[in-house]
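The block underneath contains the structure these notes are about, expressed in structure tokens.
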Amino acid sequence: MGKIWNAFRAQLNKIANWFWTRDPIAQMQLEYDRAVEQLKEGRRGLEQYRGMVERVNRQVQGGEKQVQSLSAKIKAYLKAGDRKTAGQLAIQLQQAKTELEENKQQLEMHEKAYQNNVEKIKHATKKLTKVKDKIKKYEAELKMSNAEAELARLSKSFDFDVTTDFGELESIVQEKIDTNRASVRVAADLSGEGVEEIQAEKALEEHMAEDLLSQFEVEMGLKTPETADIQSGVKALGPETEELVEEQPAAEEEEKVTQ
């Protein structure tokens with residue numbers, strides 16, 4: 001049973017240590033909050049203690065007044081010759097002085113204890129302030145170290161290596177690019193089929209258009225068949241050319257008559 005209990009305690013301690021080390025900043029903050037609560041309790045206790053010191057001080061002041069009053073009465077009765085009453089007052093004076101001395105000792109002791117506690121609380125407050133600053137510093141450093149570790153991990157991931165996610169994604173992207181380029185190349189190669197026939201047909205159309213245009217220029221008299229360089233066109237337009245040649249003398253005679 002002892003071994004079982006020790007094993008159970010060991011497991012509980014393991015779990016406790018895991019939670020303890022899981023978030024050390026939170027544990028430090030918890031300890032700080034506990035210390036602050038204890039400091040508050042100590043301050044409230046110190047306030048109550050100061051109240052007791054004030055009561056003792058008031059007793060001392062009352063005792064001093066009583067001693068002064070009894071001393072004055074004793075002197076008055078002695079002057080009056082009433083030694084019996086003066087003797088009774090002397091006994092009361094002795095008791096009052098004894099009580100006053102005891103109260104003064106208690107007041108001194110309590111005052112000293114109070115001042116010591118005040119100094120302790122002040123010191124604890126300063127230490128708590130330093131602890132709070134340390135907690136903030138450690139928290140910032142811990143966050144910064146976590147960020148640096150994360151950046152280091154990401155920088156490793158950003159390496160375009162085949163062993164990283166980015167490297168695998170890069171290979172996928174390259175495969176897609178190759179596939180797209182292959183599709184474009186195939187489309188371009190397929191579009192080249194019959195290009196020579198198309199170009200020959202376009203050249204034939206251009207040649208026919210040029211011949212027709214040259215014939216039109218000859219018909220309009222803008223060019224001669226020789227300058228137009230269309231022999232076949234001249235043959236086709238032979239009779240019309242002869243009629244133009246025959247009509248030229250008649251035109252010249254009319255011009256002479258006009259002159």
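Which one is modelled with the lowest pLDDT among residues in segment 71-123 that are within 60 Å of the chain's Cα centre (by Cα) and among the β-branched types (Val, Ile, Thr)?
So, considering only residues that are within 60 Å of the chain's Cα centre (by Cα) and among the β-branched types (Val, Ile, Thr), the one modelled with the lowest pLDDT is 121.
Can you tell me which residue among 86, 124 is touching a residue at least 12 places away in the same chain (Cβ under 8 Å) and over 30 Å from residue 33 (Cβ atoms)?
Going through 86, 124 in turn, just one is touching a residue at least 12 places away in the same chain (Cβ under 8 Å) and over 30 Å from residue 33 (Cβ atoms): 86.
Just name the residue that is surrounded by the most Cβ atoms within 10 Å (Cβ to Cβ) out of those in segment 210-242 that are modelled with pLDDT under 50 and among the β-branched types (Val, Ile, Thr).
Checking each candidate, the answer is 234.
Which members of segment 23-54 meet the condition of being within 19 Å of residue 112 (Cβ to Cβ) and surrounded by 12 or more Cβ atoms within 10 Å (Cβ to Cβ)?
42, 43, 45, 46, 49, 50, 52, 53, 54
So which residues in segment 37-55 are farther than 30 Å from residue 100 by Cα and free of Cβ contacts under 8 Å to residues at least 12 places away in the same chain?
Scanning segment 37-55 gives 37, 38, 40, 41.
The values are calculated or read from the model by the stated rules, or taken from the named source; none is laboratory data. Remember, it's a predicted structure, so these values are computed and weren't measured experimentally. Note that we place each Cβ from the backbone using ideal geometry, even for glycine, and neighbour counts take in every protein chain shown.
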